[in-house]
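For reference, the structure discussed in these notes is given below.
Each reported figure results from applying straightforward, stated rules to the coordinates on display, with no laboratory input. Note that the structure is predicted; figures quoted are calculated from it, not measured. Cβ sites come from the backbone with ideal geometry, for glycine too, and all protein chains shown count toward neighbours.
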Amino acid sequence: MKQALTIPKLKAMKQQNKPIAMLTAYDYPSAKLSEEAGVDVILVGDSLGNVVLGYDTTVPVTLEDMIYHTRAVVRGAPNTLIVADMPFATYRLGPAETLRNAARLMREGGAHAVKLEGGADLAEEVRRLTASGIPVIGHLGLTPQSVHQIGGYKVQGKDSKEVEKLLDDAKALEQAGAFGIVLELVTEPVAAAISKSLTIPTIGIGAGRGCDGQVLVYHDLLRYGSGIRDKRFVQSYADIGTTIKSAITQYVDDVKSQAFPQEKHGFPLDDQAVQAWSSRLYGGDSK
C-alpha cells in the first residue's frame with residue numbers, strides 16, 4: 001500500500017533531485033484516481049472556484065467551500081499528502097485569526113498542510129502557523145487571489161524589481177518555516193534561480209524546467225469541461241470533456257428515439273406474479 005509522503009521526505013526529494021508530481025483534486029473520485037496514479041502531493045486548490053463552482057476568479061471561494069472539498073479529497077486519497085489552499089480573506093488578518101482559520105482546514109477538512117499566497121508580508125503569520133504545528137507551503141509569482149490588484153493573469157519576474165522581490169519573498173518564506181513554495185507564471189530563469197537559492201522545494205506551474213516539481217490543474221490536464229482554454233504552460237494528456245459530451249449526446253438521442261432503455265435493461269416478473277398483479281389491478285387476467 002502506498003504511504004503518504006511526509007514533509008521531511010518531500011524536502012529530501014529536492015536534495016536527491018527527485019522531481020515532485022503535484023496535482024489538484026476537488027472531490028472523492030478525482031482524489032482516488034490521482035492517488036492510484038502515483039501523484040506525490042494533492043493540492044485542494046481554491047481554483048475549484050473556477051473549474052468546479054463556475055466563478056470567474058478564486059475570490060468568492062469560502063473557507064466552508066474549502067473544508068467541504070478537502071474532506072472529500074482526504075476520503076479519496078488517504079495515503080497521499082494533502083495540501084489545502086486558504087481562500088481569500090482568511091489570512092492576512094493577524095497571526096491569531098489566521099491560525100484559527102488554518103486550524104479549521106486541518107481539523108475539519110483533514111488537510112495535512114495549508115497554502116498561502118504572498119511573500120515577506122506573510123512571514124509573521126507563516127511563523128505562527130508552523131510554530132503551532134501547521135505545515136505551510138507558500139505561493140509566489142502570479143497570485144490568483146490578487147488578480148484584480150496585479151491587473152490580470154500576467155507572467156511575473158520580467159524586470160529587475162520583480163526579480164528582486166521574488167527572491168526576497170522566497171527567502172522570507174523559507175526563513176519563516178514554509179516547507180515549499182509554488183511558483184506560478186514566473187519566468188523560467190528566475191524560477192530556476194529561486195529554486196537553486198532555497199533548501200526547500202519549489203513547485204512550478206508555468207514556471208519552466210528549473211523547479212523541483214510541477215503542479216497542474218486536474219481539469220486542464222484532462223481537458224475536463226466545456227470550452228477548456230489552451231494555456232501555453234499546460235500539457236493535456238487526455239480530452240475527456242469531448243468524450244463525456246459525446247456520451248451524453250448519444251444518451252439524449254437514444255432516449256428521444258426510444259433506443260434506450262431496451263428489454264435487457266428492465267426487470268421481469270414471473271408468470272404467477274404477473275397474474276396476481278394484473279388480477280388485482282384490472283380485476284382479470286393480463287391478456
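Available extension along the chain between Arg100 and Ser278 is 57.6 nm, counting 0.36 nm per residue and deducting the alpha carbon span. The value of relative contact order for region 100-250, using C-alpha pairs under 8 Å at least six residues apart, is 16 percent. Taking θ as phi - 60° and the Karplus parameters 6.51, -1.76 and 1.60, the scalar couplings of region 234-247 work out to 9, 10, 8, 10, 6, 10, 6, x, 5, 4, 5, 4, 4, 5 Hz in sequence order, x denoting glycine and proline.
Taking a ≥ b ≥ c as the square roots of the Cα gyration tensor eigenvalues, with a/c under 1.5 meaning rounded and otherwise prolate when a/b beats b/c, else oblate, which class fits region 41-131? Taking the square roots of the gyration eigenvalues as a ≥ b ≥ c, region 41-131 is oblate. Cβ crowding within 10 Å ranks Ser47, Ser278, Ser226, Ser197 as Ser226, Ser197, Ser278, Ser47, fewest other Cβ atoms first. For region 10-17, 3J(HN,Hα) computed residue by residue from phi via the Karplus equation (6.51, -1.76, 1.60; θ = phi - 60°) reads 5, 4, 5, 4, 5, 5, 8, 6 Hz, glycine and proline entered as x. Taking trypsin sites (Lys or Arg not before Pro) across region 1-88, the ones in a DSSP loop with at most 15 further Cβ atoms lying within 10 angstrom of their Cβ are Lys2.
Taking amide H as placed 1.01 Å from N in the peptide plane, Tyr26 has its amide H under 5 Å from the amide H of Ala31, each at least 5 places away in sequence or on another chain. Put simply, the amide H of Thr90, placed in the peptide plane, has no neighbours under 5 Å, leaving out anything fewer than 5 places away on its chain.
Residue order for Tyr218, Tyr282, Tyr55, fewest other beta carbons within 10 angstrom first, comes to Tyr282, Tyr55, Tyr218.
Site pair Thr6 and Lys18 shows an inter-label distance of 1.3 nm when each label is modelled 7 Å from Cα along Cα→Cβ.
Sorting Ile82, Ile200 from the fewest to the most surrounding beta carbons within 10 angstrom yields Ile200, Ile82.
When the Cα gyration tensor is reduced to axis lengths a ≥ b ≥ c, the ratio a/c is 1.5 or higher for the chain, and with a/b above b/c it is classed as prolate.
Magnitude of the charge dipole for the chain, about its Cα centre and with charges confined to Cβ atoms of Lys, Arg (+1) and Asp, Glu (-1), is about 540 debye.
The distance between label points at Gln250 and Phe267 comes to 2.6 nm (points 7 Å beyond Cα on the Cα→Cβ vector). How many percent of DSSP beta bridges within the chain run antiparallel, rounded to 5? Counting only bridges with both partners in the chain, antiparallel ones make up about 5 percent. Distance between the C-alpha centres of region 161-231 and region 63-98: 20 Å, rounded to the whole angstrom.
For region 120-128, 3J(HN,Hα) computed residue by residue from phi via the Karplus equation (6.51, -1.76, 1.60; θ = phi - 60°) reads 4, 5, 9, 4, 5, 5, 4, 4, 5 Hz, glycine and proline entered as x.
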